[in-house]
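Undergrad: Handing you a structure now.
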Amino acid sequence: MVNIYLIGFMGSGKSSVGIVLSEHLKMPFIDLDQTIVDRAGKSIPEIFAEGGESSFREYEAEALRSVETEGAVIATGGGIIETMENRSVMKRSGTTVYLHTDFASIIERLKEDPNRPLWNQDHSKRQALYEKRLPIYKEWADVTITTNDRTIHEIV
Ligand code: S3P
């Protein structure tokens, strides 16, 4: 079964869009961050605090492989595209949809969020992360949808 992977920066609406899209397509919905939390038995801030980002990325890669054959709409975490391994898993097992949101809108949506350790840093680092990832999302997307002023139903 083929998955639909929603990729994009933190705050681009992957989970909100994913739930509605899955209902529309009558496919199961999987929130990969939730899969990570369930498998680890720890929250995302706890994983980062205990083992750093590298530990989180290991959990994330394992979680991704565990859902490869589900035939689901999968909301990924913003950093899923950081490794070639994850990008290959998504390419071989589904269609990748990039929800593009400009940085100003992301700032507006997220404000401060203690549950997102990589957002919880100074402005220049947030922006550098966004700019580093932008070309990777674009390159690995089968479909790109700009979300800025669109409602969830329009995006679906
Ligand atoms: C991350 C994004 C988060 C979560 C973790 C790391 C990232 O998911 O996976 O905090 O590296 O961008 P969302 O994109 O759902 O916020």
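All of the numbers you see were taken from the coordinates with simple rules; none came from a lab. Values in this document were obtained by computation on a predicted structure and should not be read as measured data. For neighbour counting, all protein chains shown are included, and Cβ atoms are generated from backbone atoms with ideal geometry for every residue, glycine included.
Undergrad: How large is ³J(HN,Hα) for each residue in the range 36-46, as worked out from phi by the Karplus curve 6.51 cos²θ - 1.76 cosθ + 1.60 (θ = phi - 60°), to whole Hz, x for Gly and Pro?
TA: 4, 4, 5, 5, 7, x, 9, 6, 4, x, 5
Undergrad: So, one more: Straight-line reach only, C-alpha to C-alpha below 25 angstrom: list the lysines that LYS138 could link to, leaving out same-chain residues fewer than 8 apart.
TA: LYS14, LYS91, LYS111, LYS125
Undergrad: If you plug each phi of the range 22-32 into the Karplus form 6.51 cos²θ - 1.76 cosθ + 1.60 with θ = phi - 60°, what whole-Hz ³J(HN,Hα) values come out, in order, with x for Gly and Pro?
TA: 5, 5, 4, 8, 6, 10, x, 10, 10, 9, 5
Undergrad: Would you please give the FRET efficiency between SER55 and ASP142, computed as 1/(1 + (r/R0)^6) with r the Cβ-Cβ distance and R0 = 35 Å, to the nearest 0.05?
TA: Efficiency at R0 = 35 Å is approximately 0.70.
Undergrad: Sticking with this structure for a sec: What percent does the relative contact order of the range 3-155 come to when contacts are Cα pairs within less than 8 Å and at least six residues apart?
TA: 36 percent
Undergrad: Please sort by residue number the trypsin sites (Lys or Arg not before Pro) in the range 76-156 whose DSSP state is loop and whose Cβ has at most 12 other Cβ atoms within 10 Å.
TA: Passing sites in the range 76-156 are LYS111.
Undergrad: Just to be sure I understand: with springs between alpha-carbon atoms less than 10 Å apart, which residue in THR146, THR101, THR76 has the highest mean-square fluctuation in the Gaussian network model of the chain?
TA: THR146
Undergrad: Distance in nm between label sites at LYS91 and SER43, each 7 Å beyond Cα in the beta-carbon direction?
TA: 3.7 nm
Undergrad: In addition: Just to confirm the filter: which GluC sites (Glu not before Pro) across the range 73-112 are DSSP coil and have at most 13 other Cβ within 10 angstrom of their Cβ?
TA: In loop regions of the range 73-112 (DSSP not H, G, I, E or B), the sparsely surrounded GluC sites (Glu not before Pro) are GLU112.
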